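Each remark here refers to the structure printed beneath this line.
Every read-out reported here was derived from the displayed coordinates using simple, explicitly stated rules and does not represent laboratory data. None of these values were measured; they are calculated from a predicted model. So basically every Cβ, Gly included, is an ideal-geometry build from the backbone, and we count neighbours across all protein chains shown.
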Amino acid sequence: MKHRHILATLALGTMLAPVAALAQAYPDRPVTIIVPFAAGGPTDTVSRLVGEVMSRELGQQVLIQNVGGAGGTLGAGQAADAEADGYTLLIHHIGMSTAPTLYRNLPFDPLTDFTPIGLITEVPMTVIARKDFESASLADLVEKIKAEGEALTYGNAGIGAASHLCGMLLMEAVGAQMTTVPYQGTGPMMTDLLGGQIDLSCDQTTNTTNQILAGEIKAYAVTVPERLANLPDLPTTAEGGLPALEVSVWHGLYGPEGLPQEVVDRLQAALVAALADETVIQRFAELGTTPVSAEEATPAALTETLTSQIATWKPIIEAAGAFAN
Amino acid sequence: MDIFASLGLGFATALEPMNILYCFIGVLLGTLVGVLPGIGPTATIAMLLPITFSLSPVGALIMLAGIYYGAQYGGSTTAILINLPGESSSAVTAIDGYQMARKGRAGPALATAALGSFFAGSVATLLLAFFAPPLARAALSFGPPEYFALIVLGLLVSIALAHGSILKALAMIVLGLLLGMVGQDIYTGTPRFTFGFRELFSGLNFVSVAVGVFGVAEILRNLESEKNREVMVKKVTNLWLTRDDFRRITAPVLRGTALGSVLGILPGGGHILSAFASYSAEKRLSKTPQEFGKGAIEGVAGPESANNAAAQTSFIPLLTLGIPAHPVMALMVGAFILQGITPGPNVINDEPALFWGIIASMWIGNLLLVLLNLPLIGLWVKMLTIPYRVLFPAIVIFACIGCYSINNNIFDVYGIVFFGLLGYVLIRLGCEPAPLLLGFVLGPLLEEHFRRAMIISRGDFSVFVTRPISAVLLALALGVVILALLPSLRRKRAEVFVEED
């Protein structure tokens, strides 16, 4: 009897051992985070800042791999197809929730093909205009858009870009269409706004704060419920009389579908630590944003945001008739 | 603060031992990645971004900037030696540089590239120091109609790139334009010629196309017969320029520097035009245009100076307005942000040591580059004596790795294979790859700016002639066409486009 008991214990032990070792050992080699946009952009910057601290927390190097193209769906698709071992992850922004509507034959489902790990940050957006644009306030601007409509030009950084989404929301909130002028990225769009070639846009604070502070462009409102610390004079859209225009570029960390729970926990702990890091907080502040709270840097919060955002954007994109394919 | 005090501050910053070291590391790395076919500054800077976290902002940015303009020096090395341009600018260098190498004049070609680049880099840095803010302002008056007119002018004058039949050259430009259309249309989001592959949504990769039609096609051609490549190896004669060479390159270097400096400032694709424009200008002005495409030293001196001048002046919109002129500059924006500095009009006032330090470091970097590159010429030329059976697989492998590292997109590697075969077929048919690349690079820009101009003007064509800059550029373009059609000049043109076979 005793022998059998020992044997059973041994057998159980050998069965459990690899599992325990796996959990303890993760990560035993560098972890790759796919960023589905070009290096140097706002999402890339956010990812590198967070990745740097996560690397310290995990005791393994965190590599950022930029897989740009097709509005972020190429990189997301690669992450969805990766091994669910925790060594390939994805940082994606609001585009994760608009892709299912924008791309009618998307080869992955954002809700079922990924393991959500946590929200990272929500970057506010600003409604901006060329420096000599006539309107004095957001209310004036709304009247002007209603009166002049398609005579006004609105620049965006391409289909599915944050500035494209904000533009659709702005035009829906105002109830009038402007002439949309797409660009290949934020850089060229900002060049033409600075040069007065186009009238309006709406982009992330990451791209606009410095130009606003320098007086190179005019800002009308910030698209979140509270004013920003580094642009205290800029009213919110709600204060300016356009509460329907509320949008922020939220970023989330995902793994492929079926990530083991202990790996999710380990990554989530590292993410929370990264978001509490002094340098990250400071750099985020300079970008005009803040890390989300520890409660939001969770799988549950990310799932909730993703689900509700997919539902929010579907009718807006369909009404605008903007599809990528 | 006056300009001399500012420059003094800049040099004091740039000459700190650590910063000189970072500058040296940057230009050395830049030269190396420039030399390795396919791997360009974009991939290198992206890979090095995490390391820059631990450096001081000045050190980090000096190093990254060094990688960028260092790669311009290195890139011409492979273009000349093995016909493998890594960037649009060195594609032009490959046309005559490689022919010089085939004639045993690789040494003088490399020396010309290094000296031309150094001169252009120094002049452009001075320009950057003295006139950056007003120049950036001026560049902002270039809107979509102006860029459209500029590209039309560029395309028309660049037809001189071809040295074979004009019909074949036009066919190649059109093929290039069509290839440039692959990808998602930015205005409607409609995928064009993507055959359902999302990997093709962002279009064909320039490096794949260039490495394929120039490099791989050339390798295939070389493998045809044993004789050709032995000739190329054995005839390496002198390494340095003759007095006559110096006389021939002076004017092209000066013109290239001027053209490159002006075009580099324009954020909407001006830098791409610089090398093409300089080559066309040199061919037009030359007394012996028939030598172009067969190893004319002016065809190396002009474009090399132009592309290096443009590389320096493309920092102007970045440093003064926070606008990236091209993908490498977008990475530099990322580097600034990671260091906690948002590039923009405030940098010059808020961070004078950084702003002027970077500018001063560029001059130091150019000096380091010329000191680094001239002694290396002997070494590079020796590379040509490596047995071809060893060299060509290495070239192909490095090209594939480099290409893949840019976007981590396997289609870029398939692209090398496809365009290698296409390039070989084109060589057999006697068609030039350079006009194809020109069409490929400028076609999408032409369409983008034309459509944007039309959207903003709401369909009114008169926008191209009512805006003064655009009107002048289009008038110049019309002038080019009239000149080409004038009967008295027709004979001369017939000489320019001599049928080769």
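Tabulated data for the structure shown
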{"read-out": "R0 of 60 Å, Cβ-Cβ distance B:Arg284-A:Thr279: FRET efficiency to nearest 0.05", "value": "0.60"}
{"read-out": "Sum of side-chain charges, A:Leu111 neighbourhood, beta-carbon under 15 Å (Lys, Arg +1; Asp, Glu -1)", "value": "-3"}
{"read-out": "Ranking of A:Thr126, A:Thr101 by count of other Cβ atoms within 10 Å, fewest first", "value": "A:Thr101, A:Thr126"}
{"read-out": "For a label point 7 Å along the Cα-to-beta-carbon line of B:Arg247, residues of region B:285-302 with backbone N under 17 Å", "value": "B:286-288, B:297-298"}
{"read-out": "Among the listed pairs A:Lys218/A:Lys314; A:Lys131/A:Lys314; B:Lys168/B:Lys283, those beyond 23 Å (Cα-Cα)", "value": "A:Lys218/A:Lys314; A:Lys131/A:Lys314"}
{"read-out": "Where the Cα pairs of chain A fall when distances are cut into 20 Å bins, in %", "value": "31, 51, 13, 4, 0"}
{"read-out": "Student exercise, the protein assembly as shown dipole from Lys, Arg, Asp, Glu Cβ charges, in Debye to nearest 20", "value": "3280 debye"}
{"read-out": "Cβ-Cβ FRET estimate between A:Ala84 and B:Ser56, R0 fixed at 56 Å, reported to 0.05", "value": "0.90"}
{"read-out": "Average partner coverage of B:183-189, which counts Cβ from other chains inside 10 Å", "value": "6"}
{"read-out": "Convex hull projection area averaged over all views, chain B, Cα basis, nm²", "value": "23.2 nm²"}
{"read-out": "Kyte-Doolittle mean at least 1.6 and Cα axial length at least 15 Å: DSSP H helices in chain B", "value": "B:3-14, B:17-35, B:144-157, B:166-180, B:327-338, B:352-383, B:410-428, B:468-485"}
{"read-out": "Debye, to nearest 20: dipole size of chain A, +1 on Lys, Arg Cβ, -1 on Asp, Glu Cβ", "value": "720 debye"}
{"read-out": "Measure of compaction for region B:56-175 (Cα Rg per 2.2 N^0.38 Å)", "value": "1.32"}
{"read-out": "Region A:124-222, relative contact order in percent, only Cα pairs under 8 angstrom and at least six apart counted", "value": "48 percent"}
{"read-out": "Cα shape, region A:124-222, gyration tensor, a/c 1.5 rule", "value": "rounded"}
{"read-out": "Debye intensity ratio I(q)/I(0), log10, region A:246-318, q values 0.13, 0.22, 0.23, 0.25 Å⁻¹ (C-alpha model)", "value": "-0.48, -1.07, -1.12, -1.19"}
{"read-out": "Under 15 Å from A:Lys146, Cα to Cα: aspartates and glutamates that are on another chain or at least 8 residues apart", "value": "A:Glu134, A:Glu172, A:Asp199"}
{"read-out": "All Cα pairs of region B:263-312, percent lying beyond 13 Å", "value": "52 percent"}
{"read-out": "Computed E for A:Leu213/B:Thr188 - FRET, C-beta separation, R0 35 angstrom, nearest 0.05", "value": "0.50"}
{"read-out": "Three-way shape label, region A:191-325, alpha-carbon gyration tensor, a/c 1.5", "value": "oblate"}
{"read-out": "Ranked list, fewest to most other Cβ atoms within 10 Å of each Cβ, for B:Val216, B:Val480, B:Val465", "value": "B:Val465, B:Val480, B:Val216"}
{"read-out": "DSSP bridge orientation in the protein assembly as shown - percent antiparallel, rounded to nearest 5", "value": "65 percent"}
{"read-out": "Residues B:Ser470, B:Ser6 arranged by fewest to most Cβ contacts within 10 Å", "value": "B:Ser6, B:Ser470"}
{"read-out": "Per-residue mean of C-beta atoms belonging to partner chains within 10 Å, peptide B:195-205", "value": "4"}
{"read-out": "Relative packing of peptides A:269-276, B:394-401 - highest average C-beta neighbours within 10 Å first", "value": "A:269-276, B:394-401"}
{"read-out": "Most to least packed among B:278-289, A:249-260, B:381-392 [average Cβ atoms within 10 Å]", "value": "A:249-260, B:278-289, B:381-392"}
{"read-out": "Highest-MSF residue in chain A out of A:Asp109, A:Asp132, A:Asp203 [GNM, Cα springs under 10 Å]", "value": "A:Asp132"}
{"read-out": "Within straight-line cross-link reach of B:Lys287, aspartates and glutamates at Cα separation under 13 Å, skipping those fewer than 8 residues along the same chain", "value": "B:Glu298, B:Glu495"}
{"read-out": "Computed [θ] at 222 nm, deg cm²/dmol, chain B (DSSP H ≥ 4; -39,500 (n - 2.57); rounded to nearest 500)", "value": "-24500 deg cm²/dmol"}
{"read-out": "Shielding by partners - mean other protein chain Cβ count within 10 Å, residues of B:343-352", "value": "3"}
{"read-out": "Chain B, relative contact order in percent, only Cα pairs under 8 angstrom and at least six apart counted", "value": "30 percent"}
{"read-out": "DSSP-defined antiparallel bridges as percent of all bridges, region A:124-222, nearest 5", "value": "65 percent"}
{"read-out": "Rh by Kirkwood over Cα pairs, then Stokes-Einstein D for the protein assembly as shown at 1.306 mPa s and 10 °C, µm²/s", "value": "57 µm²/s"}
